[in-house]
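The structure appears right after this line, and notes come after that.
The values are calculated or read from the model by the stated rules, or taken from the named source; none is laboratory data. Fair warning: this is a prediction, and the values are worked out from it, not measured in the lab. Every residue, glycine among them, receives a Cβ derived from its backbone with ideal geometry; neighbour counts consider all protein chains shown. For accessibility, only protein heavy atoms count, side chains too; no ligands or nucleic acids. Shrake-Rupley method; radii C 1.70, N 1.55, O 1.52, S 1.80 Å.
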Amino acid sequence: MRIDVCGVGIDNVTMDEAVARAMELLRGSETAYAVTPNAEIVWEAMHDPALRDLINEAALVLPDGAGVVLGARILGTPLKEKVAGIDFAGRLMAAMAQSGHKLYLLGSKPGVAEEAARRCVEKYPGLQICGTADGYFQDEGPVVEAINASGADAVFVCLGAPKQERFMKAHQQELHAHFLIGLGGSLDGFAGNVKRAPEWMIRCNLEWLYRLVKEPRRLGRMMRLPKFILAVRKEARRRK
Ligand code: UDP
């Protein structure tokens with residue numbers, strides 16, 4: 001079931017349910033794409049109908065952050081749990097290592113996807129990473145061809161929002177892989193370039209604070225979070 005958070009439909013799934021659904025889509029006969037909006041992206045989608053459509057048309061919309069979960073609760077339609085994109089990606093890689101499906105890593109600066117691939121194969125023995133490419137290309141055609149030539153079943157599209165959502169939608173028909181997912185800066189995380197917050201901070205929903213301290217340039221983007229909460233409160237009053 002989808003929960004409407006200010007016009008953006010978020011799938012009310014647990015991590016286990018999300019992984020099961022992704023495996024189903026991987027085994028399906030068509031190309032599906034998944035998105036992982038956090039509160040900043042939902043705020044953007046509230047003001048950008050094209051981005052909102054890209055999100056709402058996805059086969060799977062994961063609640064990527066504590067802000068989205070809080071927003072749904074304020075609206076009186078709580079989500080089961082947060083499903084962070086990077087954690088989901090880890091769980092999916094573990095499942096793909098078992099099932100033998102092939103994964104392509106696209107995005108981040110040159111060299112990052114290769115290092116992420118090296119570390120992920122070490123962490124998830126049996127995982128088949130069939131190709132990598134950085135996210136700073138001019139022409140999308142050759143990238144699509146390379147992904148198809150690799151025989152990928154799934155693609156982690158890590159170009160940042162909304163570039164990754166646009167890429168997935170634009171090439172959904174041409175790509176042979178059955179499951180595409182937009183995962184922002186996850187490859188930087190898998191490559192060890194960006195550290196996750198300590199476990200206790202993640203548990204206390206303070207991961208955003210850790211990222212802000214580590215990367216103060218994010219402040220402008222993060223100011224969308226309080227704006228999002230205010231908008232949600234207004235929407236909750238309107239719905240009463
Ligand atoms: N990126 C890219 N191509 C671009 C712009 C960005 O591959 O043209 C990558 C960038 O290197 C980074 C990711 O997209 O790895 C965006 O990361 P960010 O932390 O901004 O995304 P978030 O996880 O916050 O959505």
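Here is how the numbers come out for the structure above:
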| item | result |
| --- | --- |
| Complete set of residues in the range 105-129 that are more than 16 Å from the ligand (Cβ to nearest atom), of a type outside the set (Gly, Ala, Ser) and part of a loop (DSSP other than H, G, I, E, B) | 124, 125, 127 |
| Residue match in the range 120-140 (condition: over 18 Å from the mean Cα position of the chain (by Cα) and in contact (Cβ under 8 Å) with a residue 40 or more places away in the chain) | no |
| Pairs with Cβ under 8 Å, 6+ apart, first in the range 59-76 and without any contact (Cβ under 8 Å) to a residue 40 or more places away in the chain, second part of a strand (DSSP E or B) and open to solvent by less than 20 Å² (accessible area, probe 1.4 Å) | 59/32; 59/33; 59/34 |
| Meets criteria (more than 13 Å from the ligand (Cβ to nearest atom), aromatic (Phe, Trp, Tyr) and farther than 30 Å from residue 141 by Cα) for residue 228 | yes |
| Condition check for residue 146: within 19 Å of the chain's Cα centre (by Cα) and either within 13 Å of the ligand (Cβ to nearest atom) or not acidic (Asp, Glu) (or both) | no |
| Subset of the range 220-232 (residues that are over 18 Å from residue 74 (Cα atoms) and either touching a Phe, Trp or Tyr at 6+ places or on another chain (Cβ under 8 Å) or surrounded by fewer than 12 Cβ atoms within 10 Å (Cβ to Cβ) (or both)) | 220, 222 |
| Residues of the range 174-194 that turn out to be over 12 Å from the mean Cα position of the chain (by Cα), near the ligand (Cβ under 10 Å from one of its atoms) and in contact (Cβ under 8 Å) with a residue 24 or more places away in the chain, as a count | 4 |
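Residue by residue, here is whether (1) under 22 Å from residue 211 (Cβ atoms); (2) modelled with pLDDT under 95; (3) of a type in the set (Val, Ile, Thr) holds:
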| site | (1), (2), (3) |
| --- | --- |
| 11 | no, no, no |
| 23 | no, no, no |
| 31 | no, no, yes |
| 35 | yes, no, yes |
| 55 | yes, no, yes |
| 75 | no, no, no |
| 79 | yes, no, no |
| 86 | yes, no, yes |
